1. Could you put Met87, Met147 in order of accessible surface area, largest first, with the 1.4 Å probe and the full protein assembly present?
2. With the chain treated as a Gaussian network of Cα nodes joined by springs under 10 Å, which of Lys141, Lys39, Lys172 yields the largest mean-square fluctuation?
3. If you place +1 on the Cβ of every Lys and Arg, -1 on the Cβ of every Asp and Glu, and leave all else neutral, what size is the dipole of segment 103-188 about its Cα centre, to the nearest 20 Debye?
4. Compare Met175, Met153, Met119 in a GNM of the chain, Cα atoms joined below 10 Å, and give the one with the largest fluctuation.
5. Output ³J(HN,Hα) for segment 171-187: one whole-Hz value per residue in order, computed from phi by the Karplus curve 6.51 cos²θ - 1.76 cosθ + 1.60 with θ = phi - 60°, and x for Gly and Pro.
6. For the chain, with only Lys/Arg (+1) and Asp/Glu (-1) charged at the beta-carbon, what is the dipole magnitude about the Cα centre, in debye rounded to 20?
7. Given a 1.4 angstrom probe, I'd like the percentage of the accessible area of segment 35-189 that is carbon and sulfur, rounded to a whole number.
8. Of Ile102, Leu156, Gly118, whose Cα points farthest to the positive end of the dipole of the chain (charges on the beta-carbon: +1 Lys, Arg; -1 Asp, Glu; origin at the Cα centre)?
Amino acid sequence: MGALEKTDRQSVHLLENELQARTDQIFNQLERLEILASKEPPNRRQNAKLRVDQLKYDVQHLRTALQNFQHRRYAREAQDREREELMSRTFTTNDADTSIPIDETLQFNSKLENAHRGMDDLLGSGSGILNGLRDQRSTLKGTHKKMLDVANMLGLSNTVMRLIEKRATQDKLIMIGGMLLTCVCLFLVIRYLG
(Lines give C-alpha, C1' and ligand atoms only; values in the text may rest on other atoms or scores of the structure.)
Protein backbone atom coordinates (compact mmCIF):
# COMPACT_ATOMS: atom_id res chain seq x y z
CA MET A 1 0.00 0.00 0.00
CA GLY A 2 2.94 2.30 0.62
CA ALA A 3 4.13 1.69 -2.95
CA LEU A 4 0.69 2.73 -4.24
CA GLU A 5 0.93 6.10 -2.53
CA LYS A 6 4.34 6.83 -4.14
CA THR A 7 3.52 5.56 -7.65
CA ASP A 8 2.94 8.04 -10.46
CA ARG A 9 -0.52 8.49 -12.02
CA GLN A 10 0.10 6.47 -15.18
CA SER A 11 1.30 3.29 -13.50
CA VAL A 12 -1.03 3.39 -10.48
CA HIS A 13 -3.83 1.67 -12.46
CA LEU A 14 -1.52 -1.20 -13.37
CA LEU A 15 -0.38 -1.60 -9.78
CA GLU A 16 -3.98 -1.52 -8.52
CA ASN A 17 -5.03 -4.18 -11.03
CA GLU A 18 -2.06 -6.33 -10.07
CA LEU A 19 -2.88 -6.00 -6.35
CA GLN A 20 -6.55 -6.81 -7.03
CA ALA A 21 -5.59 -9.93 -9.00
CA ARG A 22 -3.18 -11.06 -6.29
CA THR A 23 -5.74 -10.62 -3.49
CA ASP A 24 -8.31 -12.56 -5.54
CA GLN A 25 -5.78 -15.32 -6.11
CA ILE A 26 -4.88 -15.40 -2.39
CA PHE A 27 -8.58 -15.54 -1.46
CA ASN A 28 -9.13 -18.50 -3.83
CA GLN A 29 -6.11 -20.25 -2.32
CA LEU A 30 -7.50 -19.60 1.17
CA GLU A 31 -10.76 -21.31 0.22
CA ARG A 32 -8.83 -24.37 -0.87
CA LEU A 33 -6.76 -24.13 2.31
CA GLU A 34 -9.94 -24.03 4.37
CA ILE A 35 -11.10 -27.28 2.75
CA LEU A 36 -7.74 -28.85 3.51
CA ALA A 37 -7.87 -27.58 7.11
CA SER A 38 -11.20 -29.33 7.63
CA LYS A 39 -9.49 -32.61 6.65
CA GLU A 40 -6.77 -32.25 9.29
CA PRO A 41 -6.78 -34.53 12.35
CA PRO A 42 -9.17 -33.31 15.09
CA ASN A 43 -6.40 -32.15 17.44
CA ARG A 44 -4.84 -29.90 14.74
CA ARG A 45 -8.07 -28.92 12.94
CA GLN A 46 -8.99 -26.11 15.38
CA ASN A 47 -5.57 -24.48 15.10
CA ALA A 48 -5.50 -24.78 11.28
CA LYS A 49 -9.01 -23.34 11.00
CA LEU A 50 -8.01 -20.40 13.23
CA ARG A 51 -4.97 -19.65 11.05
CA VAL A 52 -7.06 -19.78 7.84
CA ASP A 53 -9.64 -17.43 9.37
CA GLN A 54 -6.86 -15.02 10.40
CA LEU A 55 -5.44 -15.06 6.87
CA LYS A 56 -8.92 -14.46 5.43
CA TYR A 57 -9.35 -11.52 7.77
CA ASP A 58 -5.97 -10.09 6.70
CA VAL A 59 -6.80 -10.47 3.00
CA GLN A 60 -10.19 -8.86 3.52
CA HIS A 61 -8.45 -6.01 5.35
CA LEU A 62 -6.08 -5.57 2.38
CA ARG A 63 -9.03 -5.54 -0.03
CA THR A 64 -10.76 -2.87 2.04
CA ALA A 65 -7.57 -0.78 2.18
CA LEU A 66 -7.23 -1.07 -1.62
CA GLN A 67 -10.85 0.01 -2.11
CA ASN A 68 -10.35 2.96 0.24
CA PHE A 69 -7.21 3.97 -1.67
CA GLN A 70 -9.08 3.75 -4.99
CA HIS A 71 -11.92 5.82 -3.59
CA ARG A 72 -9.52 8.51 -2.34
CA ARG A 73 -7.70 8.50 -5.68
CA TYR A 74 -10.98 8.86 -7.63
CA ALA A 75 -12.06 11.74 -5.37
CA ARG A 76 -8.66 13.42 -5.78
CA GLU A 77 -8.79 13.03 -9.57
CA ALA A 78 -12.34 14.45 -9.64
CA GLN A 79 -11.18 17.44 -7.58
CA ASP A 80 -8.24 17.98 -9.94
CA ARG A 81 -10.54 17.85 -12.99
CA GLU A 82 -12.98 20.29 -11.39
CA ARG A 83 -10.10 22.61 -10.45
CA GLU A 84 -8.73 22.53 -14.00
CA GLU A 85 -12.19 23.14 -15.43
CA LEU A 86 -12.72 26.07 -13.07
CA MET A 87 -9.34 27.55 -13.89
CA SER A 88 -9.89 27.27 -17.63
CA ARG A 89 -13.36 28.82 -17.56
CA THR A 90 -13.66 32.37 -18.83
CA PHE A 91 -15.80 34.67 -16.76
CA THR A 92 -18.18 37.24 -18.23
CA THR A 93 -20.56 39.73 -16.76
CA ASN A 94 -23.71 38.23 -15.36
CA ASP A 95 -26.34 40.78 -16.37
CA ALA A 96 -28.97 38.11 -16.81
CA ASP A 97 -28.34 36.75 -13.33
CA THR A 98 -28.63 40.11 -11.56
CA SER A 99 -31.81 41.33 -13.27
CA ILE A 100 -34.88 41.48 -11.05
CA PRO A 101 -37.88 39.68 -12.55
CA ILE A 102 -40.55 42.27 -11.64
CA ASP A 103 -43.16 40.77 -13.95
CA GLU A 104 -42.84 37.38 -12.27
CA THR A 105 -43.04 39.01 -8.85
CA LEU A 106 -46.20 40.91 -9.84
CA GLN A 107 -47.78 37.74 -11.19
CA PHE A 108 -46.88 35.91 -8.01
CA ASN A 109 -48.34 38.75 -5.92
CA SER A 110 -51.60 38.76 -7.92
CA LYS A 111 -51.90 34.98 -7.61
CA LEU A 112 -51.32 35.30 -3.89
CA GLU A 113 -54.05 37.95 -3.60
CA ASN A 114 -56.45 35.73 -5.60
CA ALA A 115 -55.70 32.83 -3.29
CA HIS A 116 -56.28 35.09 -0.27
CA ARG A 117 -59.61 36.25 -1.71
CA GLY A 118 -60.58 32.65 -2.47
CA MET A 119 -59.82 31.63 1.12
CA ASP A 120 -61.96 34.52 2.43
CA ASP A 121 -64.84 33.41 0.19
CA LEU A 122 -64.39 29.84 1.36
CA LEU A 123 -64.45 30.90 5.01
CA GLY A 124 -67.58 33.03 4.40
CA SER A 125 -69.43 30.16 2.71
CA GLY A 126 -68.34 27.81 5.51
CA SER A 127 -69.71 30.27 8.10
CA GLY A 128 -73.02 30.48 6.16
CA ILE A 129 -73.28 26.70 6.03
CA LEU A 130 -72.59 26.49 9.77
CA ASN A 131 -75.35 29.03 10.51
CA GLY A 132 -77.73 27.09 8.25
CA LEU A 133 -76.94 23.90 10.14
CA ARG A 134 -77.63 25.65 13.46
CA ASP A 135 -81.03 26.84 12.17
CA GLN A 136 -81.86 23.36 10.95
CA ARG A 137 -80.87 21.96 14.35
CA SER A 138 -83.27 24.31 16.17
CA THR A 139 -86.03 23.48 13.65
CA LEU A 140 -85.43 19.77 14.13
CA LYS A 141 -85.48 20.19 17.92
CA GLY A 142 -88.88 21.96 17.68
CA THR A 143 -90.22 19.24 15.37
CA HIS A 144 -88.95 16.56 17.73
CA LYS A 145 -90.71 18.22 20.66
CA LYS A 146 -93.98 18.44 18.71
CA MET A 147 -93.71 14.78 17.73
CA LEU A 148 -93.19 13.83 21.38
CA ASP A 149 -96.28 15.89 22.32
CA VAL A 150 -98.34 14.17 19.60
CA ALA A 151 -97.02 10.79 20.71
CA ASN A 152 -97.97 11.55 24.30
CA MET A 153 -101.40 12.68 23.18
CA LEU A 154 -101.78 9.53 21.06
CA GLY A 155 -100.68 7.47 24.01
CA LEU A 156 -103.38 9.17 26.09
CA SER A 157 -105.89 8.61 23.28
CA ASN A 158 -104.92 4.95 23.09
CA THR A 159 -105.49 4.62 26.82
CA VAL A 160 -108.89 6.30 26.52
CA MET A 161 -109.81 4.06 23.54
CA ARG A 162 -108.85 0.95 25.50
CA LEU A 163 -110.98 2.10 28.43
CA ILE A 164 -113.93 2.77 26.08
CA GLU A 165 -113.61 -0.66 24.48
CA LYS A 166 -113.37 -2.27 27.90
CA ARG A 167 -116.48 -0.34 29.04
CA ALA A 168 -118.36 -1.35 25.86
CA THR A 169 -117.52 -5.00 26.51
CA GLN A 170 -118.66 -4.66 30.12
CA ASP A 171 -121.89 -2.93 28.99
CA LYS A 172 -122.54 -5.72 26.51
CA LEU A 173 -122.04 -8.34 29.22
CA ILE A 174 -124.36 -6.42 31.59
CA MET A 175 -127.01 -6.19 28.85
CA ILE A 176 -126.82 -9.92 28.06
CA GLY A 177 -126.87 -10.73 31.77
CA GLY A 178 -129.90 -8.44 32.23
CA MET A 179 -131.70 -10.03 29.28
CA LEU A 180 -131.07 -13.50 30.64
CA LEU A 181 -132.25 -12.44 34.11
CA THR A 182 -135.41 -10.92 32.61
CA CYS A 183 -136.07 -14.09 30.61
CA VAL A 184 -135.59 -16.22 33.69
CA CYS A 185 -137.94 -13.93 35.69
CA LEU A 186 -140.60 -14.07 32.93
CA PHE A 187 -140.26 -17.83 32.72
CA LEU A 188 -140.71 -18.16 36.48
CA VAL A 189 -143.66 -15.77 36.50
CA ILE A 190 -145.38 -17.62 33.68
CA ARG A 191 -144.80 -21.00 35.20
CA TYR A 192 -145.87 -20.24 38.76
CA LEU A 193 -148.53 -17.74 38.08
CA GLY A 194 -149.86 -18.93 34.89
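1. Sorted descending by solvent-accessible area, the residues read Met87, Met147.
2. Judging by the Gaussian network model, the answer is Lys172.
3. Values: 11 positive and 9 negative charges, 187 e Å.
It works out to roughly 900 debye.
4. Met175
5. 4, 5, 5, 5, 5, 5, x, x, 5, 5, 5, 5, 4, 5, 5, 5, 4
6. Numbers: 29 positive and 26 negative charges, 429 e Å.
With only Lys, Arg, Asp and Glu charged at Cβ, the dipole is about 2060 debye.
7. Values: 8770 of 14020 Å².
Of the solvent-accessible surface of segment 35-189, carbon and sulfur hold 63 percent.
8. So the residue we want is Leu156.
The values are calculated or read from the model by the stated rules, or taken from the named source; none is laboratory data. What you are looking at is a predicted structure, and each value in this text was computed from that prediction instead of being measured. A quick note on method: Cβ atoms are made from the backbone with ideal geometry, for glycine too, and the neighbour counts reach across all protein chains shown. To get the accessible areas, we keep the full protein, side chains included, count just its heavy atoms, and leave off ligands, DNA and RNA. Shrake-Rupley method; radii C 1.70, N 1.55, O 1.52, S 1.80 Å.
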